[in-house]
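Undergrad: This is the structure, below, for whatever I ask next.
The values are calculated or read from the model by the stated rules, or taken from the named source; none is laboratory data. Computed from a predicted model, the values in this text were never measured in an experiment. Cβ: placed from backbone, ideal geometry, glycine included. Neighbour counts: every protein chain shown.
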Ligand code: PLP
């Protein structure tokens, strides 16, 4: 190995990509808070920075890490939330364009697609994207401009074949965008499988500490569509703030460790809960009985992620009673933090949800896996004892 061989992404991310900050030799990147920058006497902006809405150096630091994690040829863009990132992709389309998205997906984006996106003139069609034949049948060559998939998808953790979906989208002249929040780049890198755009709610495991709301897009190549996204973030003013970007960089430095620990605990919990007398079904792509398991085993690496769901024997009342009795898990929405969360998902998604009423969604953190199991086991038993 020559001494010029680059170190791995993991090593570079641990050091926030640059080992030291060149001006002061600080080993922690600084937070740039300035909203405006001095012009040179010749009226140019030789630093490349003009104003805080289009660009910020602290945001760029975090974007460089996301781009490296996703192997993104075009780079990455950070937004004020996952929803701001996701909706930007649809806003970059033209009225009348046909878009295809999954029937089972992150519910707030689904609601936005069926509401605001339709009102803005997009023709939104929801299909079972886990079934590539159904996806292919939904394509309207020349009219379908975007296929959106989520894998594994909230809250049943269905797996979509990203390479297959990319081929179908491209054949019809459309782009493929992947919400990879719950896979994370530790398990899947959609751009290397042929996707054009990958989206993250960076609020979740990328930041990992439940203290930043942020979204990310990463692009395979700097094509015209990517340039439109860059221009729209600039004109629309959706950039992430510098303090949040700094916290995101800080969280990302331990991303690999957290993702490995969380996936290992999720797998152990999924296996043990499968044999639990008060659990009717465990939904986790790492289990051989999950419908997406074979595909997940091919498409994902290093395990199957930090999210799983359980269907509690005894129905909705038993599920809610179980959540009421946990001590170590926290009853809360969101996912991907170092602290484990449990949520009765149907309560938040409302009446038109595809989520079964007996389902508890589990976001597995970094606590002792034995404790996490014991707490759930005791809560399940207590709920069933009345
Ligand atoms: N995509 C997925 C899979 C999510 O779980 C979420 C949030 O829960 C989002 C997108 C939206 O992210 P944010 O809450 O940062 O807007």
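Undergrad: Exactly one condition in (1) under 21 Å from residue 275 (Cα atoms); (2) without any contact (Cβ under 8 Å) to a residue 12 or more places away in the chain is false for residue 351; which is it?
TA: (1)
Undergrad: Which pairs have Cβ atoms under 7 Å, sit 6 or more apart or on different chains, and link a residue in the range 208-228 that is outside the structural domain of residue 262 (by TED's automatic domain parsing) and over 15 Å from residue 198 (Cβ atoms) to one that is away from the ligand (no atom under 16 Å from the Cβ) and part of a helix (DSSP H, G or I)?
TA: Taking only residues 6 or more apart or on different chains, the pairs are 208/255; 208/258.
Undergrad: Might you check whether a residue that is in contact with a strand residue (DSSP E or B) (Cβ under 7 Å, 6 or more places away or on another chain), in a loop (DSSP other than H, G, I, E, B), touching a residue at least 60 places away in the same chain (Cβ under 8 Å) and under 20 Å from residue 179 (Cβ atoms) occurs anywhere in the range 312-329?
TA: No, there is no match, as no residue in the range 312-329 is in contact with a strand residue (DSSP E or B) (Cβ under 7 Å, 6 or more places away or on another chain), in a loop (DSSP other than H, G, I, E, B), touching a residue at least 60 places away in the same chain (Cβ under 8 Å) and under 20 Å from residue 179 (Cβ atoms).
Undergrad: Further question on the same structure: Run down 94, 63, 71 and say which single residue is surrounded by fewer than 12 Cβ atoms within 10 Å (Cβ to Cβ) and either in contact (Cβ under 8 Å) with a residue 40 or more places away in the chain or within 16 Å of the ligand (Cβ to nearest atom) (or both).
TA: Among 94, 63, 71, only 94 is surrounded by fewer than 12 Cβ atoms within 10 Å (Cβ to Cβ) and either in contact (Cβ under 8 Å) with a residue 40 or more places away in the chain or within 16 Å of the ligand (Cβ to nearest atom) (or both).
Undergrad: Can you tell me how many residues in the range 163-195 are closer than 27 Å to residue 254 by Cα, more than 14 Å from the ligand (Cβ to nearest atom) and in contact with a strand residue (DSSP E or B) (Cβ under 7 Å, 6 or more places away or on another chain)?
TA: 2
Undergrad: Looking at residue 178 and the list (1) surrounded by 24 or more Cβ atoms within 10 Å (Cβ to Cβ); (2) more than 11 Å from the chain's Cα centre (by Cα), which single condition is not satisfied?
TA: (2)
Undergrad: Something else: As an exercise: evaluate residue 145 against (1) surrounded by 17 or more Cβ atoms within 10 Å (Cβ to Cβ); (2) more than 16 Å from the ligand (Cβ to nearest atom); (3) assigned to a helix (DSSP H, G or I) and give the number of the one condition it does not meet.
TA: Result: residue 145 fails condition (3) only.
Undergrad: In this structure, does residue 160 turn out to be within 29 Å of residue 10 (Cα to Cα), in a loop (DSSP other than H, G, I, E, B), within 14 Å of the ligand (Cβ to nearest atom) and in contact with a helix residue (DSSP H, G or I) (Cβ under 7 Å, 6 or more places away or on another chain)?
TA: no
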